[in-house]
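Heads up: the structure comes next, in structure tokens.
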Amino acid sequence: MIVSMTGFGKSVLQLPSKKITIEIKSLNSKNLDLNVRTPSLYREKELSIRKLIASKLVRGKVDFNLYLEITGEETSSQINKTVTKQYMKQLKDVVDGDPMELLQMAIRMPDAVTTERDEIDETEWKIIEDEIKSTLDKISEYRASEGKALEDDLQQRVNNISSLLEEVIAMDPERIEAVRERLRKGVAELKEKVDENRFEQELVYYIEKFDITEEKVRLQNHLEYFTKSINSPDSNGKKLGFIGQEMGREINTIGSKSNYAPMQKLVVQMKDELEKIKEQLLNVL
């Protein structure tokens with residue numbers, strides 16, 4: 001099963017006096033690159049949020065945002081009545097003004113308004129945490145859906161390489177015969193008398209250097225292993241990447257040994273398909 005690293009999830013939670021909006025976005029990355037943004041009230045919960053996200057999303061560039069909007073009558077700011085009255089009294093000694101004007105000036109003075117640090121309500125936080133988990137489920141579903149499209153494309157590319165390999169295998173006897181004839185023609189053009197037995201021995205040795213039997217077998221095995229890994233329960237982009245590298249080595253060796261233009265054209269097509277596979281694998285979890 002293939003899972004993409006690209007995804008998005010959003011949830012809105014309405015509490016009695018607060019509105020909580022949770023957004024999670026992820027893109028591809030070699031490792032887990034996590035950016036968490038929360039209001040200062042929930043800053044102490046950042047570590048637990050990070051652990052929760054890491055256990056669910058595993059890998060990718062992840063942006064987590066938790067927005068807080070106060071919708072009730074709660075406020076953490078309080079007017080310090082004693083201090084404010086003292087300011088008004090002192091101001092009245094300086095200027096003889098209207099009480100409302102004095103109040104407006106006093107309220108802007110230091111310590112006239114105090115802000116108490118809110119403590120997290122653990123019962124309320126449990127509700128928020130459950131909503132975070134729900135949002136993570138949403139982004140996971142998104143990633144799985146994207147992964148299905150990736151899986152279909154990767155399987156098609158692998159099938160294309162497999163079909164091209166079959167053409168290479170079918171063409172191989174023709175290639176060997178073409179190499180043999182080319183060598184015979186070259187010797188004939190020298191117009192020199194040669195020992196036919198010796199020539200055949202050298203010809204066999206030379207052709208053996210261009211034998212691609214092992215490469216064909218290994219490439220076929222890699223293709224089968226790639227398909228098996230795609231259909232495994234876990235999504236492992238790094239493992240698929242390693243298999244892709246091995247496929248590339250065999251394809252390159254076939255190309256360097258082929259010494260035959262029609263076969264080299266097939267090799268170029270296989271390389272093109274493999275490059276598209278590698279591009280897609282960058283986004284696989």
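When the label point is put 7 Å from the Cα of Gln220 along its Cα-to-beta-carbon vector, which residues of the stretch 135-165 have a backbone N closer than 15 Å? Of the residues in the stretch 135-165, 161-165 have backbone N under 15 Å from the label point off Gln220. Straightening the chain between Asn197 and Lys10 buys 59.5 nm, computed as 0.36 nm per residue apart minus the Cα-Cα spacing. Working note: 222 nm ellipticity from helices only, DSSP H runs with n ≥ 4, each -39,500 (n - 2.57), summed and divided by the residues of the chain, gives -21500 deg cm²/dmol to the nearest 500.
Computed over the chain with a Gaussian network model linking Cα atoms closer than 10 Å, the most mobile of Pro262, Pro16, Pro110 is Pro110.
Between Glu101 and Leu41, the FRET efficiency from the beta-carbon distance, with R0 = 51 Å, is close to 0.90. Using Cβ point charges alone (K and R +1, D and E -1), the dipole size of the chain about the Cα centre works out to roughly 420 debye.
Readers should treat all values here as calculations from the given coordinates under stated rules, not as data from a laboratory. None of the values given here were measured: they were computed from a predicted structure. Note that we place each Cβ from the backbone using ideal geometry, even for glycine, and neighbour counts take in every protein chain shown.
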